[in-house]
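In what follows, a single structure is set out as structure tokens and then discussed.
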Amino acid sequence: MSYSSNFERLTTFSVHFHQLTMRYLNGNTGQIRDSRDVPKNEIFVNRSLHLENIKFYGFDMDYTLAEYKSPHYEKLGFDLVKQHMVSIGYPQEILEFEYDPAFPVRGLWFDTLYGNLLKVDAYGNILVAVHGFEFLKHSRIYELYPNKFITLDESRVYVLNTLFNLPETYLLACLIDFFTNSPDYAINDTGVVCGELLMSYQSVFQDIRNAVDYVHLRGKDVLYVGDHIFGDILKSKKIRGWRTFLIVPELVRELHVWTDKCQLFNELQTLDVKLGEMYKNLDSSTKEKPDISKLRSAIRDVTHKMDMSYGMMGSLFRSGSRQTFFSSQVVRYADLYAATHLNLLYYPFSYMFRAPAMLLPHESTVAHEQHFATELMPDDEDSRRQSKVFERAQSQIPHIRPETPQSLTHNHDEDFSDEDSDEKNLSSKSNGNEK
């Protein structure tokens with residue numbers, strides 16, 4: 001098919017999508033507005049964005065406009081890659097593996113040296129480590145990764161960030177579990193041995209990568225435009241400076257758990273408060289050590305229940321109270337995010353998306369009404385300061401000290417609209433009239 005016919009198909013699709021959108025918007029708008037309050041229909045905000053300032057809307061295809069039937073699509077990819085692995089010499093037994101959508105999540109790191117799937121936070125601290133289907137204990141994680149930390153070294157670590165990576169993620173776990181537990185193979189830290197054949201986890205990973213590429217190349221009717229943070233969002237933001245809207249289909253499941261299991265989140269918060277209370281009246285002179293073993297055990301139990309509510313690997317966005325690497329990338333690079341692009345239908349084109357306040361620990365734990373003794377200035381000292389300011393005001397020097405601004409001096413919403421400049425326009429006009 002020629003480039004022009006491809007472009008014509010894409011243009012026709014875009015026009016048709018626009019017509020459908022306008023028809024839907026001009027229909028029962030009251031019902032649309034009412035549906036916005038349903039969590040799965042919401043758009044979530046990392047950075048403020050005024051839709052009135054947006055002139056063009058650009059859409060990705062895969063997993064954005066083209067919503068694949070999950071997990072059937074992932075199962076198809078898993079089966080095709082599995083068959084190709086057998087065709088290049090891998091054991092026939094691996095054909096018995098069936099895709100399990102409850103296991104893989106996006107955003108995992110695969111350590112090609114030790115063959116482990118890692119769930120990490122934004123800083124490279126390891127939250128969960130899995131070798132095949134075996135969840136590694138803390139002692140083993142510390143043994144392989146000092147301080148439970150790993151750097152994002154591209155020569156060693158591969159980030160499984162896209163929805164297309166889900167079958168690949170599960171097949172990695174399947175193969176490593178197969179080789180680790182098969183009596184025909186001897187294992188070491190970096191691979192398996194069968195007779196004189198040494199097969200490293202790096203080579204297994206590369207074979208799977210090649211098989212995935214082979215399967216994708218066979219799909220001539222599939223146009224892969226990019227569906228993930230690094231392919232779509234990061235390039236759009238860093239290279240072109242576009243505003244970014246990330247589609248995260250898993251949000252439907254995440255929000256379902258968040259609302260249905262709210263008692264677990266409340267219970268975890270209560271346990272955190274109790275833990276703090278045990279240290280409340282202790283300081284550096286205290287010799288006794290509070291027994292927090294029961295509380296820590298309870299926190300671990302509740303955290304485990306929370307994680308298992310999402311699936312075997314837990315939430316896409318967090319493990320307990322710790323955010324995942326994927327979560328940090330969403331916050332860093334996506335201005336808006338939602339479960340589907342269709343959520344835009346629930347908002348007027350003049351809508352102003354306001355980002356919630358991002359509180360630091362000292363802001364979220366210290367109440368506003370708390371004061372420190374050093375903040376209270378004596379009345380006589382305050383009056384002396386005021387008199388000095390008055391004396392300086394009589395000086396011939398135009399500005400003894402900077403004057404306190406009477407209006408906002410910075411654009412913290414990152415989206416300056418015409419209404420924001422009304423005050424400046426009025427000010428400039430009044431100055432012009434005075435002249």
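The values are calculated or read from the model by the stated rules, or taken from the named source; none is laboratory data. For clarity, every value in this text was computed on a predicted model and none was experimentally measured. Ideal geometry is used to build each Cβ from the backbone, glycine not excepted, and the neighbour counts take in all protein chains shown.
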Under the condition of being surrounded by 13 or more Cβ atoms within 10 Å (Cβ to Cβ) and charged (D, E, K, R), which residue from segment 142-174 is nearest to Glu98 (Cα to Cα)? Glu168
Yes or no: Leu198 part of a strand (DSSP E or B) and exposed (fewer than 14 other Cβ atoms within 10 Å of the Cβ)? yes
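Identify the residue in segment 226-243 that is under 22 Å from Ala355 (Cβ atoms) and either in a helix (DSSP H, G or I) or in contact with an Asp or Glu (Cβ under 6 Å, 6 or more places away or on another chain) (or both) and, among all such residues, is modelled with the highest pLDDT. Can you show your working first?
First pass over segment 226-243, keeping only residues under 22 Å from Ala355 (Cβ atoms): 229, 232-234, 236-238, 240-243.
Next, only the ones that are either in a helix (DSSP H, G or I) or in contact with an Asp or Glu (Cβ under 6 Å, 6 or more places away or on another chain) (or both) stay: 229, 232-234, 236-238, 243.
On the way: Ile229: 52, Asp232: 53, Ile233: 53, Leu234: 56, Ser236: 52, Lys237: 53, Lys238: 52, Arg243: 75.
Among residues in segment 226-243 that are under 22 Å from Ala355 (Cβ atoms) and either in a helix (DSSP H, G or I) or in contact with an Asp or Glu (Cβ under 6 Å, 6 or more places away or on another chain) (or both), the one modelled with the highest pLDDT is Arg243.
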Within segment 102-157, work out how many residues are hydroxyl-bearing (Ser, Thr, Tyr) and on the phi > 0 side of the Ramachandran plot. 0
Please list, ordered by residue number, the strands (runs of 3 or more DSSP E) wholly in segment 85-194 having 1 or more residues that are closer than 21 Å to Met312 by Cα, touching a Gly at 6+ places or on another chain (Cβ under 9 Å) and of a type in the set (D, E, K, R). 116-120
From the option list Leu223, Leu152, single residue qualifying as at pLDDT below 90 and not acidic (Asp, Glu) is Leu223
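Has segment 52-72 got at least one residue that is within 30 Å of Leu197 (Cβ to Cβ) and at pLDDT 75 or above?
Within segment 52-72, not a single residue is within 30 Å of Leu197 (Cβ to Cβ) and at pLDDT 75 or above.
Considering each of Leu246, Leu271, Leu295 in turn, give the residue that is at pLDDT 90 or above and within 27 Å of the chain's Cα centre (by Cα).
Leu271
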